[in-house]
Amino acid sequence: MKRTLGVALAAVLVLSGCVGPKVGRNQAGNGGACGRFKLAVNPWVGYEANAAVIAYVAEKNLGCRVTKKDLKEEVAWQGFGTGEVDAVVENWGHDDLRKKYIDEQKIGVSAGSTGVKGEIGWYVPPWLAKERPDILEWKNLNKYAELFKTSESGAQGQLLDGDPSFVTNDEALVKNLGLNFKVVYGGSETALIQAFKQAEERRTPLIGYFYSPQWLFTEVKLEKVKLPPHTPGCDEVAEKIACDYPDYDLDKVVSRKFAEADGPAYRLVKNFQWTNADQNIVARWIAVDKMSPEAAAKRWVEQNQEKVRAWLPAT
């Protein structure tokens, strides 16, 4: 009886034109063949969340054959020219790469904002900020350099960075602000997260590079150090930078060939937008709950069908 009623109701809805594109149902037949879609995955979990959701929708709704490749940022941009990469789905500024691959080589084009707002800075664990509140002013950091000494930093304080391929001005900042610190690279986002979690749990001193959106902020309220304000043009010459990072509108960049083909996967990427909160939810499911990216994407898509429907190519 329930099945009969369901079939009848579905028939009424179809006849009345009330059914929109069904998220999770292949509609490539309406938007043209999708074919192969090559998606770069840069090494941080927020990016992985973007890529997982886009890949899931591309496969389930558009019938694309998605290939995801784990690549560092510039290597991914190089892939536009070789045909190995169609899309980079979270770009943090990177004026250097824009100039090289969009303006000069003309192998990449912008595909608009992801809707996610990014912030980079220097952070300390909450216990340290509470105990020594003046540590949140960069002018006071040299007073505490001794506190941050490690075997890697020698006689200087350690400023912990993540993956060397990440956007960072930290070596220039340390030099140009006259700070008695040495930038030490932990090597990955995972290393940064583990270091900050342990520093809070064990009440050990730590200062390091970090960024948002990041699921860790829902567990550990890291405190940001105030650097000299960012002003237009203050970061134009990399080796002379002595100002804070700008605010980032994280965007998407795709290969020119992919954009000009204007297929269903390109239109999905161009339409894709969500919020910092959306990304943090999926990132947390992947990083903390140990869901596979595909499973995390499936859960989010099922809970956010209206948002996903807005990304689908017009039929």
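The values are calculated or read from the model by the stated rules, or taken from the named source; none is laboratory data. Note that the coordinates shown come from a computational prediction; the quantities given were computed from them, not determined experimentally. Ideal geometry is used to build each Cβ from the backbone, glycine not excepted, and the neighbour counts take in all protein chains shown. All accessible areas refer to the heavy atoms of the entire protein, side chains included, with ligands and DNA or RNA removed. Shrake-Rupley method; radii C 1.70, N 1.55, O 1.52, S 1.80 Å.
Across segment 287-299, computed HN-Hα scalar couplings (Karplus, 6.51 cos²θ - 1.76 cosθ + 1.60, θ = phi - 60°) run 7, 9, 7, 6, 6, 5, x, 5, 5, 5, 4, 4, 4 Hz from first to last residue, x flagging Gly and Pro. Couplings for segment 201-211, taken from phi via the Karplus curve 6.51 cos²θ - 1.76 cosθ + 1.60 with θ = phi - 60°, read 5, 9, 6, 9, x, 7, 9, x, 6, 7, 7 Hz in order; Gly and Pro are left as x. Please list, by residue number, everything in segment 236-252 whose backbone N is under 15 Å from a paramagnetic label point 7 Å out along Cα→Cβ of residue 119. Under 15 Å, as judged by backbone N against the label point of residue 119, lie 244-250 of segment 236-252.
Longest exposed-loop-site-free stretch of the chain, with trypsin sites (Lys or Arg not before Pro), DSSP loop and at most 14 other Cβ within 10 Å? Can you show the working numbers first?
Values: sites that count: 22, 25, 106, 203, 221, 290.
Result, exposed sites excluded: 107-202.
Model label points for residue 155 and residue 234, set 7 angstrom from Cα along the Cα-to-Cβ axis, are 3.1 nm apart. When the Gaussian network model of the chain links Cα atoms closer than 10 Å, the mean-square fluctuations of 157, 233, 108 top out at 233.
Using every pair of separate Cα atoms, the Kirkwood estimate puts the hydrodynamic radius of segment 119-247 at 14.7 angstrom. Solvent-accessible area per residue in the chain equals 48 Å², computed with a 1.4 angstrom probe and all protein chains kept. Of all the options 249, 170, 103, the one that moves most in a Gaussian network model of the chain with Cα springs shorter than 10 angstrom is 103. Stretching residue 221 away from residue 68 to a fully extended chain increases their span by 51.8 nm, per 0.36 nm per residue minus the current alpha-carbon distance.
Other residues within the sphere of radius under 13 Å centred on the Cβ of residue 134, judged by their own Cβ, net out at +2 (K and R +1, D and E -1).
Expressed as a whole percent, the accessible surface of the chain that belongs to carbon and sulfur atoms is 51, based on a 1.4 Å probe. Amide H contacts of residue 188 (H built 1.01 Å from N, in plane; Pro and chain starts excluded): 163 sit under 5 Å, all sequence-distant by 5 or more or on other chains.
Taking the Cα centre of segment 119-247 as origin, sum charge times position over the Cβ atoms of Lys and Arg (+1) and Asp and Glu (-1), and report the length of that vector in debye to the nearest 20. Don't skip to the answer; put the middle values down first.
Working: 14 positive and 20 negative charges, 109 e Å.
Taking the Cα centre of segment 119-247 as origin, the dipole is about 520 debye.
3J(HN,Hα) couplings calculated from phi for segment 215-232 with the Karplus curve 6.51 cos²θ - 1.76 cosθ + 1.60 (θ = phi - 60°) are, in sequence order, 4, 4, 5, 6, 10, 10, 7, 4, 9, 8, 7, 7, 9, x, x, 6, 10, x Hz; Gly and Pro show x.
Remark on residue 66: its backbone amide H falls under 5 Å from those of 37, a criterion applied only to residues 5 or more positions apart or on other chains, H modelled at 1.01 Å from N. In this structure, the amide hydrogen of residue 149, modeled 1.01 Å from its nitrogen in the peptide plane, lies closer than 5 angstrom to those of 158, counting only residues at least 5 positions away or on a different chain.
Would you list which aspartates and glutamates come within 12 Å of residue 175, measuring only between C-alpha atoms, while excluding same-chain residues fewer than 8 positions from it? Result set, ordered by chain and number: 239.
Taking every alpha-carbon pair in segment 183-315 and binning the separations at 10 Å intervals from zero gives 9, 26, 32, 24, 8, 1 percent. For the chain, with a Gaussian network of springs between Cα atoms less than 10 Å apart, report the residue from 210, 272, 148 with the top mean-square fluctuation. Looking only at 210, 272, 148, the biggest GNM fluctuation is shown by 148.
Each Lys or Arg adds one and each Asp or Glu subtracts one; over the other residues with Cβ under 9 Å from the Cβ of residue 56, this totals 0.
Among beta bridges from DSSP that stay inside segment 119-247, the antiparallel ones total about 55%.
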